[in-house]
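> Take this structure first; my questions come after.
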Amino acid sequence: MVEERFMRRAMALAEKGAGWTSPNPLVGAVLVKDGHIIGEGYHEKYGGLHAERKALAACRESPEGGVLYVTLEPCCHYGKQPPCTEAILAAGIRRVIVGAADPNPLVAGKGIAILRQHGVEVETGLLEEECRAQNAIFFHFIQTNRPYVAMKYAMSLDGKIACYTGQSRWISGEASRSHAHSLRHRYSGIMAGVGTILADDPLLTCRMEGGRNPVRIICDSHLRTPLWARVVKTAGEAPTILATCCREAARQAPYIAAGCRVLPVGEKEGHVDLQELMEKLGAEKLDSILLEGGGALNWSALSSGIVQKVYTYIAPMLLGGAEAKSPVAGTGFPAPGAGIRLQKMSVIRLGTDILLEGEVQEDVHGAC
């Protein structure tokens, strides 16, 4: 179908903005006239021109009478940029095909209504499910004011994230690790627990060429992160937040002096209250978090209902060991029926590894 081809091109363009547009959505636009593309564009960076205006600016001929394919409903309000509806009307575009409606209360159907009121033919729903999936982070954040949280881990075929000795480098292969760094670029923040810092001393940065470092968030209830830890020593290079229940100024001072930010959070069952933490991070416009914790933090995140997606890298190896760590620790659920289930599963081959992706079902235990 020709129309699907143009919308898929718009989606491919939108994807180029991944990692740069937060907390705005990924949007691509393609202008077509007489059956061929005359201009295209995408939202490249937060604060920059929106996709529709980029496409209009790139037109090789007059857009008057043309058809605009756009992955998300055109905006109709003033923000960092003026309304895209104004640009569309001024250009004389006769038809607009929208992938998905914008859930932002400032738009929410108003952009489509304005265009129709001015005589523009508007069609909606072309590849809607795929367009919505591309902006799962934006949809969740704009509707909840909380970050979209994706849990990520690599494990052996028998479900171990480390050997009984604690060694875990490397379970996954090079292709999986490369993919993981693309996720660090895509998500606004990366979160780990103090246990991971103590065991592995990770940097938690993006090593993808041309990538962007996420904000590092360490859940450290009692401020046990060593001052020599790499996340502390490099706090001047990548933003670092220590989420803690410890409110003693003297304990916080060395981390602040090292360039870290200490974020006091309430306590729940002896640990950082993750629900409260999400509220605070959301208020600061952090729209997404890649959770790279150990089993304890993963369990806390799942049981508290803050996780929306799971990435599981499975390596073709068997590690064994009754004491070897698994991806999710904690108390666990008492029966299979009580467990957290995933939906919309996909399987991707990465070298010799397999990546499983799935979304956490909503309303599981009334929390997720």
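This table checks each residue for (1) more than 30 Å from LEU281 (Cα to Cα); (2) within 25 Å of the chain's Cα centre (by Cα); (3) in a helix (DSSP H, G or I).
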| position | (1), (2), (3) |
| --- | --- |
| GLU4 | yes, no, yes |
| PRO25 | no, yes, no |
| VAL32 | yes, no, no |
| ARG60 | yes, no, no |
| GLY65 | yes, no, no |
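> Continuing with this model, one more query. Output the qualifying pairs, or none if there are none: Cβ atoms under 7 angstrom, residues six or more apart or on different chains, first residue in the range 76-96 and without any contact (Cβ under 8 Å) to a residue 40 or more places away in the chain, second residue exposed (fewer than 14 other Cβ atoms within 10 Å of the Cβ) and part of a strand (DSSP E or B).
ARG94/GLU121; ARG95/GLU121
> For TYR69, which of the numbered conditions (1) at pLDDT 95 or above; (2) aromatic (Phe, Trp, Tyr); (3) open to solvent by 30 Å² or more (accessible area, probe 1.4 Å) fails to hold?
(3)
> Of the numbered conditions (1) closer than 30 Å to ALA296 by Cα; (2) surrounded by fewer than 20 Cβ atoms within 10 Å (Cβ to Cβ), HIS118 satisfies every one except a single condition; which is it?
(1)
Residues checked against (1) of a type in the set (Val, Ile, Thr); (2) open to solvent by 60 Å² or more (accessible area, probe 1.4 Å):
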site	(1), (2)
GLY125	no, no
ILE137	yes, no
MET151	no, no
GLN167	no, yes
GLU174	no, yes
LEU198	no, yes
LEU203	no, no
CYS206	no, no
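> Exactly one of (1) closer than 21 Å to GLY125 by Cα; (2) more than 25 Å from the chain's Cα centre (by Cα); (3) open to solvent by 30 Å² or more (accessible area, probe 1.4 Å) is unmet by HIS50. Its number?
(2)
> If you take the residues in the range 326-368 that are at pLDDT 95 or above and among the small types (Gly, Ala, Ser), which one is nearest to the chain's Cα centre (by Cα)?
That would be GLY358.
> How about the range 42-75: which of its residues are small (Gly, Ala, Ser) and closer than 18 Å to ARG95 by Cβ?
Selection gives ALA51, ALA55, SER62, GLY65, GLY66.
> Something else: Limited to the range 206-236, what total is found for residues that are more than 18 Å from ARG184 (Cα to Cα) and touching a Leu at 6+ places or on another chain (Cβ under 9 Å)?
So the count comes out to 8.
The values are calculated or read from the model by the stated rules, or taken from the named source; none is laboratory data. All of these numbers come straight from a predicted model, not from anything done at the bench. Cβ atoms come from the backbone with ideal geometry, glycine included; neighbour counts cover every protein chain shown. Accessible surface areas use protein heavy atoms only, side chains included; no ligands, DNA or RNA. Shrake-Rupley method; radii C 1.70, N 1.55, O 1.52, S 1.80 Å.
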